[in-house]
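Input: a single structure, listed below in structure tokens.
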Amino acid sequence: MKPPFKAGDRIELVSMPHDPDPIRPGTQGVVDSVAVHDWPHGTFASVGVRWDNGRTLGIVMPPDDARLVEPAPVVAPASQRRQHMAHQDLPHGATCPDCYWTRPSAADEHNDRIRRETEEAIDRHPNTRRY
């Protein structure tokens, strides 16, 4: 069985017959993950989906059914993408426009450094054993 969708595809639910709290048919969402499973009694695909209604509920094909609305965007090869900005160049509390990582505040970075230095000092002390 070929995977029915790939991560990033936009899909629309056609049916979800066996779920006790199903997503309504016609609801759209974005595929997070896809796995194909071969079992002695048959092959099925499990598809993780972030639905537009805020739920994150996977579908199992079969018996669930969905249709492709829009394929995942094609990502340019690394050689054609612009250089990712260095995170140390971001101001404290700012978010990277490339990957949406948020740099911690200066106080958080200071506290992390003090915690690391304290743990290293404890590890170096001759009378300390970690269990």
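The values are calculated or read from the model by the stated rules, or taken from the named source; none is laboratory data. These numbers were taken from a predicted model, which means no experiment stands behind them. When we count neighbours, we look across all protein chains shown, and the Cβ atoms used for this are built from the backbone with ideal geometry, even at glycine.
Structure notes:
- Beta carbons closer than 9 Å, at least 6 apart along the sequence or on distinct chains, pair a first residue in region 89-117 that is among the aromatic types (Phe, Trp, Tyr) with a second that is outside any helix (DSSP H, G or I) for Trp101/Leu90; Trp101/Thr95.
- For region 53-99, the set of residues classified as under 16 Å from the mean Cα position of the chain (by Cα) and modelled with pLDDT of 90 or more consists of Gly54, Arg55, Thr56, Leu57, Gly58, listed by residue number.
Residue-by-condition table, conditions (1) of a type in the set (A, V, I, L, M, F, W, C); (2) under 13 Å from Ala66 (Cβ atoms); (3) modelled with pLDDT under 90:
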residue: Pro3; (1), (2), (3): no, yes, yes
residue: Glu12; (1), (2), (3): no, yes, no
residue: Ile23; (1), (2), (3): yes, yes, no
residue: Thr27; (1), (2), (3): no, yes, no
residue: Gly42; (1), (2), (3): no, no, yes
residue: Ser46; (1), (2), (3): no, yes, no
